[in-house]
Every structure is written in structure tokens, then in C-alpha cells.
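S.K.: Take a look at this one; I'll ask things after.
The values are calculated or read from the model by the stated rules, or taken from the named source; none is laboratory data. Note that the coordinates shown come from a computational prediction; the quantities given were computed from them, not determined experimentally. We place every Cβ from the backbone using ideal geometry, glycine too, and count neighbours over all the protein chains shown. Note: areas computed on protein heavy atoms with side chains; ligands, DNA, RNA excluded. Shrake-Rupley method; radii C 1.70, N 1.55, O 1.52, S 1.80 Å.
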Amino acid sequence: MTIDFYYVPGSAPCRTALLAARAVGVDLNLKLTNLMEGAHLTPEFLKMNPQHTVPTLNDDGFCLWESRAIIGYLADKYGKDDSLYPKDPKKRALVDQRLYFDIGTLYQRFGDYYYPIMFAKAPADPEKLKKIEESYEFLNKFLENQDFVAGDNLTIADLAIISTVSTAEILGFDLSRYPNVAKWFEKSKKIIPGYDELNHSGCLKFKEMYDNLTKK
């Protein structure tokens, strides 16, 4: 069995999938994909993924992209049990809701604020920053009286959201204003398998790129 994984270490969605693979005990054949050199635009890559995005997974000919789809697939196919992605309809729906919240609100608003600064040297937009702050207020509310983002157990939703949160945090976003988020963040960092190796190291690479691109 060969599972090829096309990725860049600094990408939060790529880090989400790396964390999920480690959590379910799957070894990935890592394929570092240099976007600057157009490695994602080759005929071979486009045959796998016409959207030419990373992360992209190729599990013995089955190709999948979008990190939140990838982590659901890995948990369903390779998880030892269903704790990371429950089969119970209500529990799974809650995990899915948090994943949709991440892609449509939390990570979306992160990108809306930081990416123009990073890639277009645009000035910081205080209104977009307010939208990020609002999304963290939502997350803080979700975490009231529970240990993890979708209940009392670690799930793939935590893996996706911690990739987003850690990327904002390393750029200086202040989590201390959201006590439930800060508490969850510190706890989850300690128990997610491979957190430092797979996620924190990627955050440092992202920050290095951000700093280089935003130099005056």
C-alpha cells in the first residue's frame, strides 16, 4: 500500500492532513510540492487533481484533495475505531459542523485578513481583523464547558482547527482574550500525536515566509 501525499509544510490545510495521518497511524509517502516552480501544474499532477491544489492524497490510485475531506477519509478508512470521526449521526454532524465552521469562517477570515498583507503588501484592514476576532468569539463559545471543539473527545475537527489557530497565533494573534480557546489550545498541543514535529515546525516555516514577504 502506498499513499502519496503532495504538500507544502507551511500550509495549514497540509498540516491538518499530516496530523490526521499520524493520529490514525498511517505512513504517508511525502511529496514536497514546490508551488513556486509549478510542480502542481504538471500534466501528472493535473491528472490527479484538476484544481491543482495542495494537499492532494493519492491512495493507490484514489485521488482526493481538500484537507477536511482527506482527514475524514483517513479516519474512516484507517482509524482503529471511530473516536476521531464518530459514526453516530449526531456526534458526526457536530464534527462536520466544526469542520465547515473552520473552512467557511475561522480559516476563511484568517486568509481574508492576512493573505492580502502577505501576498499583495496591502495595509492591514481593521474591519477584517474584527471579523477574525468575531470568529474566535464563536469558537470560545463552542468550547464552553467542554474539552474539545466538538465535545469531550479529540476529533478530526480539533486537528483542522488547531492548524488554523496555531497559524494565527504564530503571527501574533492574541489568544489570551479567548480563555476557552487558549485553554483548549494548550491542552491539545500536548495530546495531539506529532504536534511539534508536524504542525509547529510548519507554523515556523509559514511565519518565516510571512516575515520575508512583508519586509518593508
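S.K.: Counting only residues that are among the basic types (K, R) and under 15 Å from the mean Cα position of the chain (by Cα), which one in region 1-57 is nearest to S83 (Cα to Cα)?
M.R.: Step one: of region 1-57, the residues among the basic types (K, R) are 15, 22, 31, 47.
Those still in the list that are under 15 Å from the mean Cα position of the chain (by Cα) too: 15, 22.
Working: R15: 20, R22: 14 Å.
So, considering only residues that are among the basic types (K, R) and under 15 Å from the mean Cα position of the chain (by Cα), the one nearest to S83 (Cα to Cα) is R22.
S.K.: Going by the conditions given, is K80 open to solvent by 90 Å² or more (accessible area, probe 1.4 Å), more than 24 Å from G10 (Cβ to Cβ) and touching a residue at least 24 places away in the same chain (Cβ under 8 Å)? Let's see the steps before the verdict.
M.R.: Details: open to solvent by 90 Å² or more (accessible area, probe 1.4 Å): yes; more than 24 Å from G10 (Cβ to Cβ): yes; touching a residue at least 24 places away in the same chain (Cβ under 8 Å): yes.
Here the answer is yes, as K80 does meet what is asked.
S.K.: Select from region 83-94 the residues that are within 20 Å of the chain's Cα centre (by Cα) and part of a loop (DSSP other than H, G, I, E, B) and write down the one among them that is surrounded by the fewest Cβ atoms within 10 Å (Cβ to Cβ). It would help to see each step written out before you state the result.
M.R.: Looking only at region 83-94, we keep the residues that are within 20 Å of the chain's Cα centre (by Cα), and these are 83-86, 92-94.
With part of a loop (DSSP other than H, G, I, E, B) added as a condition, the list becomes 83-86.
On the way: S83: 13, L84: 24, Y85: 24, P86: 20.
Taking the candidates together, the pick is S83.
S.K.: Can you confirm whether region 31-40 contains a residue that is in contact (Cβ under 8 Å) with a residue 40 or more places away in the chain and outside the structural domain of K207 (by the TED database)?
M.R.: Of all residues in region 31-40, those in contact (Cβ under 8 Å) with a residue 40 or more places away in the chain come to none.
No - not one qualifying residue is present in region 31-40.
S.K.: Can you confirm whether L99 is at pLDDT 95 or above, assigned to a loop (DSSP other than H, G, I, E, B) and open to solvent by less than 60 Å² (accessible area, probe 1.4 Å)? Spell out the reasoning first.
M.R.: Details: at pLDDT 95 or above: yes; assigned to a loop (DSSP other than H, G, I, E, B): no; open to solvent by less than 60 Å² (accessible area, probe 1.4 Å): yes.
Judged against the criteria, L99 is not a match.
S.K.: Something else: In region 8-26, which residues are open to solvent by 30 Å² or more (accessible area, probe 1.4 Å) and either in a helix (DSSP H, G or I) or not β-branched (V, I, T) (or both)? Give the steps one after another, and end with the answer.
M.R.: Taking region 8-26 as the starting set, the residues that turn out to be open to solvent by 30 Å² or more (accessible area, probe 1.4 Å) are 8-9, 22-23, 25.
Selection gives P9, R22, A23, G25.
S.K.: Still on this structure: Checking the structure you have, find out if any residue of region 148-155 is surrounded by fewer than 18 Cβ atoms within 10 Å (Cβ to Cβ) and at negative phi.
M.R.: Within region 148-155, one or more residues are surrounded by fewer than 18 Cβ atoms within 10 Å (Cβ to Cβ) and at negative phi.
S.K.: Then there's this: Look through region 117-137, keep the residues that are assigned to a helix (DSSP H, G or I) and in contact (Cβ under 8 Å) with a residue 60 or more places away in the chain, and return whichever of them is surrounded by the fewest Cβ atoms within 10 Å (Cβ to Cβ). Quick ask: steps written out before the conclusion?
M.R.: Taking region 117-137 as the starting set, the residues that turn out to be assigned to a helix (DSSP H, G or I) are 117-120, 126-137.
Those still in the list that are in contact (Cβ under 8 Å) with a residue 60 or more places away in the chain too: 117-119.
On the way: I117: 17, M118: 18, F119: 11.
The selected residue is F119.
S.K.: When region 27-42 is examined, which residues are found to be touching an Asp or Glu at 6+ places or on another chain (Cβ under 9 Å) and surrounded by 13 or more Cβ atoms within 10 Å (Cβ to Cβ)? Lay out the reasoning, then the answer.
M.R.: Within region 27-42, the first condition is being touching an Asp or Glu at 6+ places or on another chain (Cβ under 9 Å), and the residues that meet it are 28-31.
Result: L28, L30, K31.
S.K.: Report, by residue number, each residue of region 60-72 that is surrounded by fewer than 18 Cβ atoms within 10 Å (Cβ to Cβ) and not in a loop (DSSP other than H, G, I, E, B).
M.R.: F62, C63, A69
S.K.: Now a separate question. I need every pair where a residue in region 187-199 that is farther than 15 Å from T167 by Cβ and surrounded by 14 or more Cβ atoms within 10 Å (Cβ to Cβ) has its Cβ under 6 Å from the Cβ of a residue that is of a type in the set (S, T, Y) and at pLDDT below 95, sequence separation at least 6 or different chains.
M.R.: Going by the 6 Å Cβ cut-off, there are no qualifying pairs.
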